[in-house]
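Structure first, then comments.
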Amino acid sequence: MIGRVWDDGAVAEGDELAVADRPDQVGADVATWPTGRLLSVAARVVEKRFEDFLATRGLTHAGMITLHHLADGPRSQRELALLCRVTDQTMSRTIEHLDRGAHVVRSQDTKDRRRTSVKITPAGRRALAAVRREERESDTLLGAVEDYEHFRQQLIALIAAATSTEDQRLG
């Protein structure tokens, strides 16, 4: 059954998203879960809540990442696609959405008319600041983490180690 929470509070295999909708029904057995499962469920719960919050600001996850990369100054659409690790077509759609929401402005590069330059607007900066603040302070996102900076560093170390291991395996 989708979203089934058992009488003892356990969440059925594959029903991690049910946790996001009904956290009060998750029992003490969560403390017995393997760390990988905890990480997987936490990621899904936070991702769903974060997507919901972003939608209230007229943003998507891809749009928020794009604004992050524009915070230091204008960039070309191609550069943004590379930084965000998406195709040019995907970045084009993301920028179109951000432009419609007045979060960015596009212009032709004065040095190369084939290039599109993208710049964050004041509204985009306010939206990005609100997202960053919400991420740190909201109890429903990551504000419940006792030491936010330490938690970030642990996640970075985990991703770096996992990425390095994957690269070695494939190499």
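Observations
- Spatially, the stretch 40-98 and the stretch 134-150 are offset by 20 Å when compared through their Cα centroids.
- Solvent-accessible area per residue, Å², over the stretch 33-140 with all protein chains present [probe radius 1.4 Å]: 62
- Here r is the Cβ-Cβ distance between Tyr148 and Asp112 and R0 is 25 Å; the resulting FRET efficiency, rounded to 0.05, is 0.05.
- Ellipsoid semi-axes in whole angstrom, largest first, where each is sqrt(5λ) of the Cα gyration tensor of the stretch 70-131: 18, 13, 11
- Taking other residues whose beta carbon is less than 12 angstrom from the beta carbon of Val145, and scoring Lys, Arg as +1 and Asp, Glu as -1, yields -4.
- Under-5 Å amide H pairs with Ser76, H placed in peptide plane, nonlocal only: Val118
- Rg and Dmax of the stretch 24-171, both derived from C-alpha coordinates alone, stand at 18.2, 61 Å.
The values are calculated or read from the model by the stated rules, or taken from the named source; none is laboratory data. No experiment lies behind these values; they were computed from the predicted model shown. Counting neighbours? That spans all protein chains shown, and the Cβs are built from the backbone with ideal geometry, glycine included. What goes into the accessible areas is simple: the full protein's heavy atoms, side chains included, and nothing from ligands, DNA or RNA. Shrake-Rupley method; radii C 1.70, N 1.55, O 1.52, S 1.80 Å.
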